[in-house]
1. Tell me the residue from Leu90, Leu164, Leu101 that is open to solvent by 30 Å² or more (accessible area, probe 1.4 Å) and under 24 Å from Tyr48 (Cα atoms), please.
2. Any idea which residue in the range 24-81 is nearest to Lys98 (Cα to Cα), counting only those that are among the hydroxyl-bearing types (Ser, Thr, Tyr) and part of a helix (DSSP H, G or I)?
3. Which condition does Val96 not pass, out of (1) in contact with a Ser or Thr (Cβ under 8 Å, 6 or more places away or on another chain); (2) part of a helix (DSSP H, G or I); (3) surrounded by fewer than 20 Cβ atoms within 10 Å (Cβ to Cβ), if it passes all the others?
4. Could you look through the range 104-122, keep only residues that are open to solvent by 70 Å² or more (accessible area, probe 1.4 Å) and in a strand (DSSP E or B), and pick out the one that is farthest from Ala67 (Cα to Cα)?
5. Taking the residues in the range 68-87 that are of a type in the set (A, V, I, L, M, F, W, C) and free of Cβ contacts under 8 Å to residues at least 40 places away in the same chain as candidates, determine which candidate is least open to solvent (accessible area, probe 1.4 Å).
Amino acid sequence: MRSNEVAWPTRRAAKWSEPTDREAEVAARVGELHDIDFPAMAMVSNVYRVANAVRARVEREVLGADALSWTGFTALFVLWVWGPQETRHLAEECGVTKGTLTGVVDRLEARGLVCRVPSSTDGRSTVVRLSKAGDAEFKRVFPAHVAYLKRVFGKLKAGELAELGARLERL
């Protein structure tokens with residue numbers, strides 16, 4: 001290996017079976033750095049892993065049959081709960097950029113689930129509204145979404161789930 005090349009770990013993360021193996025590899029790799037908070041790194045990694053796994057499974061097992069993405073479902077949820085939204089607010093609530101939201105709303109609009117209308121207060125803005133078909137679709141899909149989340153998080157006791165939620169909210 002040349003002196004300017006980076007030495008990468010030889011094992012792939014998918015083959016690591018014990019968290020201590022992963023932690024040892026990370027510690028060896030970043031050992032020359034200072035102020036590394038390994039518990040915080042592990043927490044971020046676990047939150048990210050669980051969130052992505054839940055999202056992927058919800059898309060596949062709950063939303064897939066209805067050709068809804070997680071973001072499309074989230075947009076329907078936001079519109080169902082809070083009513084019509086300017087696109088910038090809807091994007092923010094969905095956790096995506098306005099550019100990403102444009103494609104999501106295009107697909108929802110093509111299916112007749114939402115409609116776009118000019119803002120009555122800002123001529124530069126567009127408001128997205130849930131259609132009657134979108135309201136019906138959301139009400140049909142939402143119970144399956146809730147049931148899936150109950151199955152996933154039912155592995156935790158009610159107190160554990162509440163405690164985890166409260167701790168994550170503090171962040």
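1. Result of the check over Leu90, Leu164, Leu101: Leu164.
2. Residue satisfying both the conditions and the ranking: Thr71.
3. Every condition holds for Val96 apart from (2).
4. Result: Pro118.
5. Only one residue tops the list, namely Val78.
The values are calculated or read from the model by the stated rules, or taken from the named source; none is laboratory data. As the structure is a prediction and not an experimental result, all values here were calculated from the model. All Cβ positions, glycine included, derive from the backbone under ideal geometry; neighbour counts span all protein chains shown. In case anyone asks, the SASA skips ligands and DNA or RNA and just uses the protein heavy atoms, side chains included. Shrake-Rupley method; radii C 1.70, N 1.55, O 1.52, S 1.80 Å.
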